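Participant: Below is a structure I'd like to ask you about.
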Amino acid sequence: MRELVVLGTASMVPTRTRAHQAAALRWDDEVVLLDPGEGTQRQLTFAGLGAASITRICLTHLHGDHCLGLPGVLQRMVVDGVTRPVDLYFPASGLPYVERLLDASAAVATPDVRLHPVSAAGPVDDWGGLVLSAGELDHRVETYGWRLQEPDGRRMLPEALAARGITGPAVGELQRAGSLVVDGRRVALEEVSEHRPGQSFAFVMDTRWCDGALDLAAGVDLLVSEATYLDGEEELAARYAHLTAGQAGRLAAEAGARRLVLTHYSARHPDEELFARDAGRHHPDVHAARDLDVVAVPTRR
């Protein structure tokens with residue numbers, strides 16, 4: 001299962017219909033929690049997503065609407081019986097705030113949180129063949145976006161396998177060895193398979209237009225981008241270091257992202273379709289998220 005669970009879509013101020021910004025990425029056995037703003041623990045309940053399933057947490061920056069839900073989520077994980085470590089990735093300059101969040105109350109202790117302070121763009125961790133990378137964004141405090149990248153692989157072609165008499169366990173042997181002798185003839189993996197690009201995901205939050213955002217979004221299957229303002233509010237967006245919905249659409253188009261999810265809306269605009277309209281002028285596959293939406297990562301091409 002590879003999908004985005006949208007937990008909150010508000011920027012700065014929550015509204016009656018929008019909780020503070022938060023999202024969870026389900027990726028096979030991993031659940032990566034992204035920017036847990038205030039109220040995330042409750043939104044997880046509404047979404048039917050157990051806090052105990054969270055394996056990693058990424059913070060783009062330490063503004064309150066992107067991190068104040070962290071203490072509650074961690075304490076809930078303890079209540080739910082989590083004993084394994086949880087990895088936490090965040091900008092290194094935010095370490096004092098992270099330490100205070102981890103010790104925010106006299107309540108039950110948090111799980112074993114492994115800290116990963118990030119101070120430069122590039123790969124920061126890998127597990128199970130997946131690589132987590134950070135990209136520097138342009139906000140009012142140190143901010144990093146996140147990218148998850150699966151390695152490329154090979155897609156087996158059933159007709160080509162059948163034509164060469166390769167079936168059952170021999171298929172796995174061929175995949176492992178790269179070639180196989182069948183009836184006296186060596187068959188190379190390339191003869192019975194084709195290149196399969198790995199799936200990818202990017203999370204771009206709270207930033208002006210910048211090269212770091214383009215690098216993060218380059219060729220991804222699913223791009224989640226902030227869209228705080230509407231077209232015509234570019235001056236406000238630049239002043240407060242955010243994107244308009246149209247800029248988010250341009251970002252997806254210029255980076256070659258396949259699907260764009262918009263979030264982090266200004267409370268002055270209650271209709272998400274206005275954001276979809278502006279972004280849709282630039283990109284054909286736009287989902288203007290509402291709280292508790294579930295968006296699939298597009299299947300491999």
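Participant: Within 17 Å of the chain's Cα centre (by Cα) and without any contact (Cβ under 8 Å) to a residue 24 or more places away in the chain: is that true of residue 122 in this structure? Quick ask: steps written out before the conclusion?
Facilitator: Values: within 17 Å of the chain's Cα centre (by Cα): yes; without any contact (Cβ under 8 Å) to a residue 24 or more places away in the chain: yes.
Spelling it out, residue 122 is indeed within 17 Å of the chain's Cα centre (by Cα) and without any contact (Cβ under 8 Å) to a residue 24 or more places away in the chain.
Participant: Kindly indicate which of 87, 65 is under 26 Å from residue 129 (Cα atoms) and either in contact (Cβ under 8 Å) with a residue 12 or more places away in the chain or in a strand (DSSP E or B) (or both).
Facilitator: Values: 65 fails: under 26 Å from residue 129 (Cα atoms).
After ruling out the rest, the residue left standing is 87.
Participant: Could I ask something else about it? Tally up the residues in the stretch 127-157 that are assigned to a loop (DSSP other than H, G, I, E, B) and on the phi < 0 side of the Ramachandran plot, please. Step through it out loud before you land on a result.
Facilitator: Taking the stretch 127-157 as the starting set, the residues that turn out to be assigned to a loop (DSSP other than H, G, I, E, B) are 128-129, 137-143, 150-152, 157.
Add one more test, that the residue is on the phi < 0 side of the Ramachandran plot, and what stays is 137-143, 150-152, 157.
Count: 11.
Participant: Considering every residue within the stretch 18-26, establish whether at least one is among the aliphatic types (A, V, I, L, M), touching a residue at least 12 places away in the same chain (Cβ under 8 Å), assigned to a loop (DSSP other than H, G, I, E, B) and under 20 Å from residue 227 (Cβ atoms).
Facilitator: Yes, the conditions are met somewhere in the stretch 18-26.
Participant: Let me ask something additional. What about residue 167, is it on the phi < 0 side of the Ramachandran plot, assigned to a loop (DSSP other than H, G, I, E, B) and surrounded by 19 or more Cβ atoms within 10 Å (Cβ to Cβ)? First the steps, then the outcome.
Facilitator: On the way: on the phi < 0 side of the Ramachandran plot: yes; assigned to a loop (DSSP other than H, G, I, E, B): yes; surrounded by 19 or more Cβ atoms within 10 Å (Cβ to Cβ): no.
It is false that residue 167 is on the phi < 0 side of the Ramachandran plot, assigned to a loop (DSSP other than H, G, I, E, B) and surrounded by 19 or more Cβ atoms within 10 Å (Cβ to Cβ).
Participant: Looking only at the stretch 1-37, which residues are within 13 Å of residue 63 (Cα to Cα) and either surrounded by fewer than 22 Cβ atoms within 10 Å (Cβ to Cβ) or hydroxyl-bearing (Ser, Thr, Tyr) (or both)?
Facilitator: Passing the criteria: 11, 12, 13.
Participant: Going through 271, 278, 221, 206 one at a time, which residue ends up being open to solvent by 20 Å² or more (accessible area, probe 1.4 Å) and either modelled with pLDDT of 95 or more or under 23 Å from the mean Cα position of the chain (by Cα) (or both)?
Facilitator: Details: 278 fails: open to solvent by 20 Å² or more (accessible area, probe 1.4 Å); 221 fails: open to solvent by 20 Å² or more (accessible area, probe 1.4 Å); 206 fails: open to solvent by 20 Å² or more (accessible area, probe 1.4 Å).
Every option except 271 fails the conditions.
Participant: Can residue 143 be described as open to solvent by less than 70 Å² (accessible area, probe 1.4 Å) and under 23 Å from the mean Cα position of the chain (by Cα)? Show your work before the answer.
Facilitator: Details: open to solvent by less than 70 Å² (accessible area, probe 1.4 Å): yes; under 23 Å from the mean Cα position of the chain (by Cα): yes.
The answer is yes for residue 143.
Participant: Which condition breaks for residue 110 when tested against (1) more than 19 Å from residue 33 (Cα to Cα); (2) in a loop (DSSP other than H, G, I, E, B)?
Facilitator: Of everything listed in (1) more than 19 Å from residue 33 (Cα to Cα); (2) in a loop (DSSP other than H, G, I, E, B), residue 110 misses just condition (1).
Participant: A follow-up question, please. Specify which of the listed residues (133, 119) is open to solvent by 50 Å² or more (accessible area, probe 1.4 Å), under 30 Å from residue 241 (Cα atoms) and not β-branched (Val, Ile, Thr). Write out each step before concluding.
Facilitator: Values: 133 fails: open to solvent by 50 Å² or more (accessible area, probe 1.4 Å).
The conditions single out 119.
Participant: A further question on this structure: Which of the residues that make up the stretch 18-57 are more than 10 Å from the chain's Cα centre (by Cα) and aromatic (Phe, Trp, Tyr)?
Facilitator: Passing the criteria: only 46.
Participant: If only one of 70, 102 is touching a Ser or Thr at 6+ places or on another chain (Cβ under 9 Å), among the aliphatic types (A, V, I, L, M), at negative phi and surrounded by 22 or more Cβ atoms within 10 Å (Cβ to Cβ), which one is it? Break it down into steps so the answer makes sense when it comes.
Facilitator: On the way: 102 fails: surrounded by 22 or more Cβ atoms within 10 Å (Cβ to Cβ).
After applying the criteria, what remains is 70.
Participant: Hey, can you tell me all the residues within the stretch 225-268 that are among the charged types (D, E, K, R), closer than 18 Å to residue 203 by Cα and open to solvent by 10 Å² or more (accessible area, probe 1.4 Å)? Lay out the reasoning, then the answer.
Facilitator: Looking only at the stretch 225-268, we keep the residues that are among the charged types (D, E, K, R), and these are 226, 231, 233-235, 239, 250, 254, 258-259, 268.
Now drop any that are not closer than 18 Å to residue 203 by Cα, which leaves 226, 250, 254, 258-259.
Hits for the stretch 225-268 are 250, 254, 258, 259.
The values are calculated or read from the model by the stated rules, or taken from the named source; none is laboratory data. Keep in mind that what you see is a predicted model, and the values were worked out from it rather than measured. Cβ sites come from the backbone with ideal geometry, for glycine too, and all protein chains shown count toward neighbours. Side chains are part of the model used for accessible areas, which takes the heavy atoms of the whole protein and leaves out ligands, DNA and RNA. Shrake-Rupley method; radii C 1.70, N 1.55, O 1.52, S 1.80 Å.
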